[in-house]
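Here the structure is laid out as structure tokens; the discussion comes afterwards.
Only the coordinates and a few stated rules stand behind these numbers; no lab work does. Given the structure is predicted, the values throughout are model-derived calculations rather than measurements. Neighbour counts are summed over all protein chains in view; Cβ atoms, including those assigned to glycine, are modelled from backbone coordinates with ideal geometry.
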Amino acid sequence: MSTPVIAFFNNKGSVGKTSLVYHLSWMYADRGLRVLTADLDPQGNLTSAFLDDDRLDTLFTRERRPETIFGCLQPLKRGIGDVALPKLEQINDRLALIVGDMALSTFEDQLSEAWPKCMDRDERAFRVTSAFWRILQDGAQDHQADMVLIDLGPNLGAINRAALIACNFVVIPLGPDLFSLQGLRNLGPALRTWRGEWQERMQKNPAADLSLPPGSIQPVGYLVLRHSIRLDRPVAAFNRWIARIPEVYQECVLDHPGEAASSVETDPNCITRLKDYRSLMPLAQEARKPMFFLKPADGALGAHGNAVKSAYSDFLTVARTIAERTHIKTP
Ligand SMILES: Nc1ncnc2c1ncn2[C@@H]1O[C@H](COP(=O)(O)OP(=O)(O)OP(=O)(O)O)[C@@H](O)[C@H]1O
Ligand SMILES: [Mg+2]
């Protein structure tokens, strides 16, 4: 039995993917689930949200970086073996992290080369292409995880293709802007192409003992994050883009052109509209905590106290909706 893997992905940058994965990981763990969270973005922002500089310095200066995602890939990458078991960074009893690494980007070329070679029944190509899936599942088993959440960088490159075929589900965070809509128009067809190409390749696997991802990448829905709204622009400027999301999502991501919901409020594909938490977010980053765990001692005083409570209830709602849609026990 494999553990469900959920990616948070949009090829548009800075929409709030990493912040969402970080907060949901804490939320699910707080509600009793065992969570493995994996940083598959070479930028490493999820990792630096969890770990302080001293810890990162220790992890990154160890020879061959055994505790990072890059360390897991090293034997395979160097052609001297297969993926190594991930060494998980234990954040608390229920929450564990697969540490990200900037050097992950050096794996991109091998992933690009492996993709067409799978069509030639090349075993190494299958080992390379399925590496993320196998690392995530090994880590999930080790941690006895109920779910795996993964954070990805904002592009449609070979790392994200391999990472996404390792996912059962994908959640799409969006900003209320033209570029997010454009991102959806590229993302939907890319997911379909990758899913189809992987189904074709899977038939050609020469190694019966090799565990391969199912490559379902089922879209769970989208969230509209409003923090990127420019306050100097009139409200109508971003409402215009928000209004188009249901139709573009239905047509480009679900591949069902036709009648879409008339607004994100009535669209069943919309998980939520998440507000701009403004100064609560930098306070949380400074305290290295999710916003909903901030205390007065962290600077969450006065009105911030209410904002902390409302952040807990907002993220719990998101967590529950995603759990329902991915058939994970409701937190
Ligand atoms: N709901 C929110 N309220 C306030 N600020 C937010 C919110 N979500 C994200 N931010 C801020 O917006 C910025 C971008 O967020 P984040 O890094 O999560 O985006 P991303 O989509 O992961 O970016 P990238 O594409 O570079 O990986 C960060 O400074 C973050 O603190
Ligand atoms: Mg990010």
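Annotation note: Cβ proximity below 9 Å between a residue of the stretch 250-276 that is among the β-branched types (Val, Ile, Thr) and a residue that is assigned to a strand (DSSP E or B) and surrounded by fewer than 18 Cβ atoms within 10 Å (Cβ to Cβ) (sequence gap 6+ or interchain) occurs for 264/273.
So which residues in the stretch 120-163 are surrounded by fewer than 20 Cβ atoms within 10 Å (Cβ to Cβ) and either of a type in the set (Ser, Thr, Tyr) or under 21 Å from residue 26 (Cβ atoms) (or both), if there are any at all? Answer for the stretch 120-163, where residues must be surrounded by fewer than 20 Cβ atoms within 10 Å (Cβ to Cβ) and either of a type in the set (Ser, Thr, Tyr) or under 21 Å from residue 26 (Cβ atoms) (or both): 142, 144.
Scanning the stretch 114-155 for residues that are in contact with a Ser or Thr (Cβ under 6 Å, 6 or more places away or on another chain) and among the polar types (S, T, N, Q) yields a single hit, 137. If you go through the stretch 293-312 and keep only what is of a type in the set (Ser, Thr, Tyr) and under 21 Å from the mean Cα position of the chain (by Cα), you end up with just 312.
For the stretch 141-172, how many residues meet the condition of being within 28 Å of residue 254 (Cβ to Cβ) and more than 16 Å from ligand 1 (Cβ to nearest atom)? Give the derivation first.
Initially, the stretch 141-172 is screened for residues within 28 Å of residue 254 (Cβ to Cβ), giving 146-172.
Next cut, more than 16 Å from ligand 1 (Cβ to nearest atom) only: 146-148, 158, 161-162, 165-169.
So the count comes out to 11.
Checking each residue in the stretch 12-26 for being assigned to a helix (DSSP H, G or I), crowded, with 24+ Cβ neighbours inside 10 Å and aliphatic (A, V, I, L, M) picks out 21, 24.
Take the residues of the stretch 71-104 that are outside any loop (DSSP other than H, G, I, E, B) and of a type in the set (Gly, Ala, Ser): which is nearest to residue 127 (Cα to Cα)?
Let us first name the residues in the stretch 71-104 that are outside any loop (DSSP other than H, G, I, E, B), namely 71-77, 89-90, 95-99, 102-104.
So of that shortlist, the ones also of a type in the set (Gly, Ala, Ser) come out as 71, 96, 103.
Values: 71: 16, 96: 25, 103: 19 Å.
Filtering first and then ranking leaves 71.
With respect to (1) among the charged types (D, E, K, R); (2) surrounded by fewer than 24 Cβ atoms within 10 Å (Cβ to Cβ); (3) within 12 Å of ligand 1 (Cβ to nearest atom), the lone exception for residue 41 is condition (2).
Taking the stretch 255-267 on its own, how many of its residues are exposed (fewer than 13 other Cβ atoms within 10 Å of the Cβ) and over 21 Å from residue 15 (Cα atoms)?
So the count comes out to 7.
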